[in-house]
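Presented below is the structure to which this report refers.
The values are calculated or read from the model by the stated rules, or taken from the named source; none is laboratory data. Remember, predicted model here, so these are calculated numbers, not experimental data. Every residue, glycine among them, receives a Cβ derived from its backbone with ideal geometry; neighbour counts consider all protein chains shown.
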């Protein structure tokens, strides 16, 4: 039973619906090329398997909390500093802290809500496709902005940012929708970044270089105090 559960949870991972057209295309193109050139069988198979792997959508266990901020993306923390807010991100004036998470082409690219709240603003900004790990990507790259308003009235900004090879940002939420913490709200194809914007005084629990797991890793605490986590519940 333990072996079965391990295989089910770690290998038989669900695929995000947005991935099926790409998976079919990778397999079809690989099959056609292999038909005319048998030497492409191995690289074609590897590319198709990578495409399936890229669009995996594993289950996550999110801490139940009213004040913790949870990672919206799998990846590596780039920075957690206080920086100017882009003009197109609809947040109140003042100092804000940006937590940036970079996703490479091997990370899960399904994005999850970092806090529970109502979507009060969204906007799409056309831009460049610079390396998403660069600091200037936050203002120059193509991106999808979203602002969530928590039950306390606190707004939190979340920005999906395209990268070098990312050419499609999918936002599965609209103004007026309510998102639970850890709820899936979009995906980016292929390789990108997500920024979370919080009040400058928010205590941060991650460091640059740390790896995050979407829907599970605690980024910060909006209560301003240290949280005690027991059995996934914040007290």
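Numbers below:
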read-out	value
Qualifying strands (runs of 3 or more DSSP E) (wholly inside the range 147-191; at least 2 residues being at pLDDT 95 or above)	155-162
Test set (1) in contact (Cβ under 8 Å) with a residue 60 or more places away in the chain; (2) within 16 Å of residue 101 (Cβ to Cβ) - residue 135 fails condition number	(1)
Members of the range 86-103 found to be over 21 Å from residue 62 (Cβ atoms) and surrounded by 18 or more Cβ atoms within 10 Å (Cβ to Cβ), listed by number	86, 89, 96, 97, 98, 102
Restricting the range 1-38 to residues that are at pLDDT 80 or above and not in a helix (DSSP H, G or I), the residue that is farthest from residue 169 (Cα to Cα)	37
Options 42, 68, 47; residue that is at pLDDT 90 or above and touching a helix residue (DSSP H, G or I) at 6+ places or on another chain (Cβ under 7 Å)	47
Among (1) in the same structural domain as residue 115 (by TED's automatic domain parsing); (2) farther than 20 Å from residue 185 by Cα; (3) surrounded by fewer than 17 Cβ atoms within 10 Å (Cβ to Cβ) - the single one residue 80 does not satisfy	(3)
Residues being in contact (Cβ under 8 Å) with a residue 40 or more places away in the chain and either buried (at least 17 other Cβ atoms within 10 Å of the Cβ) or in contact with a strand residue (DSSP E or B) (Cβ under 9 Å, 6 or more places away or on another chain) (or both) - total across the range 23-76	21
Criterion violated by residue 160 - all others in (1) buried (at least 18 other Cβ atoms within 10 Å of the Cβ); (2) touching a helix residue (DSSP H, G or I) at 6+ places or on another chain (Cβ under 8 Å); (3) closer than 19 Å to residue 60 by Cβ satisfied	(2)
Selected residue (criterion: surrounded by the most Cβ atoms within 10 Å (Cβ to Cβ)) from residues of the range 104-142 that are modelled with pLDDT under 90 and within 16 Å of residue 197 (Cα to Cα)	137
Selection status of residue 61, in contact with a helix residue (DSSP H, G or I) (Cβ under 8 Å, 6 or more places away or on another chain) and outside the structural domain of residue 185 (by TED's automatic domain parsing)	no
Residue list for the range 198-216, restricted to those being assigned to a strand (DSSP E or B) and surrounded by fewer than 23 Cβ atoms within 10 Å (Cβ to Cβ)	199, 204, 211
